[in-house]
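The values are calculated or read from the model by the stated rules, or taken from the named source; none is laboratory data. If you're wondering where the values come from, they're calculated on a predicted model, not measured in any experiment. Using ideal geometry, Cβ is built from the backbone for each residue, glycine included, and neighbour counts are taken over all protein chains shown.
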Amino acid sequence: MSGSGVTSFLDSLISTSSFFCSDQEVGRVLLTETTHQKVKYESLTPEMRKKCDEARRAELAKLMKYDTYDTVRKENVPAGATVLDMLVVDTLKMKAGGEREFKARAVARGDQDLRQGVETTTYGCPPNSVHFVLLAALASPNYRKNSIASVDCQNAYLQAKLKFRVPVYVRPPPSHPDRKAGLL
């Protein structure tokens, strides 16, 4: 659907519905799309970097606590195995009171996986689709106060069986002690 097609579609939804809500309600709903703001580590002040570093340490500690991986010496990785870099994604998360705190998520760089038949994506929910979903929800004739809710799931480590027998290894970020020790 082209940009003008989306606009026409949204206009038709709004004009045919009995939609009404206050500016305050719209503000609360639109906050849901900005709960996590991406952060560029290099652009942070030294004080902010300390808080961001603490969030990174907390994320890596949770990976260890929940036993999400086994460490392997680099020289013990079998020939032909896939080794992906780990990326830490930093965000400022909106807390209930409107304040923001640093959060970090450790992810494997799926875009580096060159095996045939493996589909990967390297992004979360694209902002344009979030805008569309929120506008469609607000324009719905069934929209009522408090009819939109969100859930925050902490420490959800999803697992799936690999299609291939060759294991995948993840190289820790450069600052991680395991990387310096030659562990994957």
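Data overview
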item: Which listed residue, of Lys62, Lys74, Lys93, is surrounded by fewer than 16 Cβ atoms within 10 Å (Cβ to Cβ), within 25 Å of Gln112 (Cα to Cα) and within 21 Å of the chain's Cα centre (by Cα); result: Lys62
item: Enumeration of residues in region 70-84 that are within 20 Å of Asp111 (Cα to Cα) and touching a helix residue (DSSP H, G or I) at 6+ places or on another chain (Cβ under 7 Å); result: Leu84
item: All positions within region 28-68 that are at pLDDT 85 or above and in contact with a helix residue (DSSP H, G or I) (Cβ under 8 Å, 6 or more places away or on another chain); result: Val39, Tyr41, Leu44, Arg49, Cys52
item: Condition met for Thr71 (of a type in the set (Val, Ile, Thr), at pLDDT 50 or above and in a loop (DSSP other than H, G, I, E, B)); result: yes
item: Residue match in region 148-169 (condition: in a strand (DSSP E or B), closer than 30 Å to Thr82 by Cβ, of a type outside the set (Asp, Glu) and at pLDDT 70 or above); result: yes
item: Neighbours by Cβ (under 9 Å, 6+ apart or cross-chain): first from region 53-71, more than 26 Å from Lys40 (Cβ to Cβ); second assigned to a helix (DSSP H, G or I) and not polar (S, T, N, Q); result: Thr68/Lys62; Tyr69/Leu63; Thr71/Asp178
item: Number of the exception - Asn76 against (1) out of contact with any His (no Cβ under 6 Å at 6 or more places or on another chain); (2) polar (S, T, N, Q); (3) modelled with pLDDT under 90; result: (3)
